Amino acid sequence: MSEPSSAETPPRRHTHPFLPYRPQRIPIEECLERGERLLTHLDARRSVRSFAPDPVPQQAIELAVRIANTAPSGAHQQPWTFVAISDPAVKHRIRTAAEDEERAFYHQRDLPDWHAALGPLETDEHKPFLDIAPWIVVVFAQKHIPHVGFSRARRITNVRTSRPSGGRPPRFTDS
């Protein structure tokens, strides 16, 4: 006798008041078509070091953060925090710190394979784009987060995307 398909398996009963998750079932042909379109779109992205100084409304940054906030995480803990910065003096302090770190990377660290890979790209420690970009959004991984209801902290590792913990909105700073 074969196992029932997921469509035939009754939902597990929970005592926790979960919101039901019932995604629309999409035919496999449409899934593949959507996946190919998404791959084509995402594959056109590039890491850039050139930005227009044109103003970007805070609402656009908030929307980008809300979109990123849809990324799932274990137990929906969202172990990351955004900080969005538009103040020119703070952005310049970030630039100075980044350039100091990059200067050490390019001139003091012995990483021949990495330096060889970067050579053709002609990148260096200079980061004027950090002053030019209207916003800098920094993502912080929360490596130690107290678990609700427990006094000890659990360790979170390899966080690569961003969403404020507990769904809080990002902090915006002018100082």
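Since every read-out is calculated from the coordinates, none of them should be taken as a lab result. Treat the numbers as computed from the prediction; the structure is a model and nothing was measured. Please note: Cβ atoms are built from the backbone with ideal geometry, for glycine as well, and neighbour counts cover all protein chains shown.
State the number of residues belonging to segment 48-71 that are aliphatic (A, V, I, L, M) and part of a loop (DSSP other than H, G, I, E, B).
The initial filter retains those residues of segment 48-71 that are aliphatic (A, V, I, L, M), namely 48, 52, 56, 60-61, 63-65, 67-68, 71.
Add one more test, that the residue is part of a loop (DSSP other than H, G, I, E, B), and what stays is 48, 52, 56, 71.
Adding up the residues that qualify gives 4.
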Those residues of segment 71-107 which are closer than 21 Å to residue 51 by Cβ, of a type in the set (S, T, N, Q) and surrounded by 14 or more Cβ atoms within 10 Å (Cβ to Cβ) amount to 86
When segment 63-92 is checked residue by residue, the ones that are in contact with a helix residue (DSSP H, G or I) (Cβ under 9 Å, 6 or more places away or on another chain) and in contact (Cβ under 8 Å) with a residue 60 or more places away in the chain are 69, 77, 78, 79, 80, 81, 82, 84, 85, 86
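Among what's in segment 108-147 and is of a type in the set (D, E, K, R) and loosely packed, with under 11 Cβ neighbours inside 10 Å, pick the residue that is farthest from the chain's Cα centre (by Cα). Before you say what the answer is, go through the steps one by one.
First, the residues of segment 108-147 that are of a type in the set (D, E, K, R): 109-110, 113, 122, 124-125, 127, 131, 143.
Narrowing the set further to residues that are loosely packed, with under 11 Cβ neighbours inside 10 Å leaves 109-110, 113, 122.
Values: 109: 27, 110: 29, 113: 27, 122: 26 Å.
Here the answer is 110.
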Looking across segment 93-133 at residues that are assigned to a loop (DSSP other than H, G, I, E, B) and either among the small types (Gly, Ala, Ser) or touching a residue at least 24 places away in the same chain (Cβ under 8 Å) (or both), the single one that is nearest to residue 62 (Cα to Cα) is 133
Within segment 50-70, track down each residue that is surrounded by 15 or more Cβ atoms within 10 Å (Cβ to Cβ) and within 11 Å of residue 130 (Cα to Cα).
51
From the list 18, 82, which residue is under 20 Å from residue 138 (Cβ atoms) and among the aromatic types (Phe, Trp, Tyr)?
82
